[in-house]
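Enquirer: Pasting in a structure now, in structure tokens, and then I'll have a few things to ask.
No lab work stands behind these numbers, since they all come straight from the coordinates. Note that this is a predicted model, so its numbers are computed, not measured. So basically every Cβ, Gly included, is an ideal-geometry build from the backbone, and we count neighbours across all protein chains shown.
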Amino acid sequence: MIKRKIHFLSIGMLLVLSLISVAARAQERKPARPLPAERADILLMESRDKFEKPDEIVARMKLKDGDLVADIGAGLGYYSLRLARQTGPHGAVFAVDIQQGMLDRLNARMKESGVRNIYPILGTEDDPMLPAGKIDWVLLVDAYHEFSKPKVMLEKILTSLAPGGKVALIEYRAEKMPDDFPIKLPRDHQMTAIDVLREWLGSGFELIEYHDFLPAQHFFIFRKAEVK
């Protein structure tokens, strides 16, 4: 059952849920092209902290020492480095990306920061290469819309979750973006809440939290759906 807290499902989100059956009949969306590693500096731009509030996102995950976290679409480690500090000496972060160029730069940033509990993983378009049944948290930030094989990837993510494991999914809103957002995003880099819920709820997940404090992004938390 979805928990009742002030930052959980709003009336607007409940309306979205009621529209899922309609959305399911819509044409499947086309995935966006991944950002090339040569242009990855944009992932570290200063304005990202303002609009994305990364520390608050990580705080909402309530990580603890010993947690195993997968950062899928890790890029240069914008989140991986933050996650590593929260999982402590007994935890680990699996930083997954499908571009070796991203992981090479992440490795350099890890050495500079002295972080030792991040493990870069070169995934593929249909497999994040995660251990089955071990992951406490999966974090996906502005990456899911790039999945060329979302159904297969969701199956792999579901398999990777430990009992009680959760997924934090952040995606740019297609409904409306802030007027002062620093980048003009292509439509295929944005998702509606309807699109997200249609794909995830139909793939063995259930929604347990929705946070609306981000000015430009949806923030969902899913877990494996309970068998009824």
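Enquirer: Give LYS134/LYS156; LYS64/LYS166; LYS149/LYS176 a once-over and call out the pairs whose C-alpha atoms are over 18 Å from each other.
Expert: With Cα atoms farther than 18 Å apart: LYS149/LYS176.
Enquirer: While we're looking at this one, here's another question. Would you mind ranking GLU209, GLU46 so that the residue whose beta carbon has the fewest other beta carbons within 10 Å leads the list?
Expert: GLU46, GLU209
Enquirer: Mind jotting down a quarter of the surface of the convex hull over the alpha carbons of the stretch 60-183, in square nanometres, one decimal?
Expert: With the hull built on Cα positions only, its mean projection is 8.4 nm².
Enquirer: Taking the Cβ of GLY88 as the centre, find all other residues whose Cβ is under 10 Å away and add up their charges (Lys, Arg: +1; Asp, Glu: -1).
Expert: Numbers: positive: LYS64, ARG85; negative: ASP65, ASP67.
Charge balance near GLY88 sits at 0.
Enquirer: Let me ask something else. If I take R0 = 22 Å and measure r between the Cβ atoms of LYS176 and GLU226 in this structure, what FRET efficiency does the formula 1/(1 + (r/R0)^6) give, to the nearest 0.05?
Expert: For LYS176 and GLU226, the calculated efficiency is 0.10.
Enquirer: On to the next question. With Rg and the Kirkwood Rh both taken from Cα atoms, where does Rg over Rh land for the stretch 127-228?
Expert: With Rh from the inverse mean 1/r over Cα pairs, Rg/Rh is 0.98.
Enquirer: If one puts a single equal scatterer on every Cα of the stretch 118-172 and applies the Debye formula without solvent, what log₁₀ I(q)/I(0) results at q = 0.21, 0.22, 0.25 Å⁻¹?
Expert: -0.81, -0.89, -1.14
Enquirer: List VAL227, VAL93, VAL138, VAL152 from most exposed to least, where exposure is judged by having the fewest other Cβ atoms within 10 Å.
Expert: VAL227, VAL152, VAL138, VAL93
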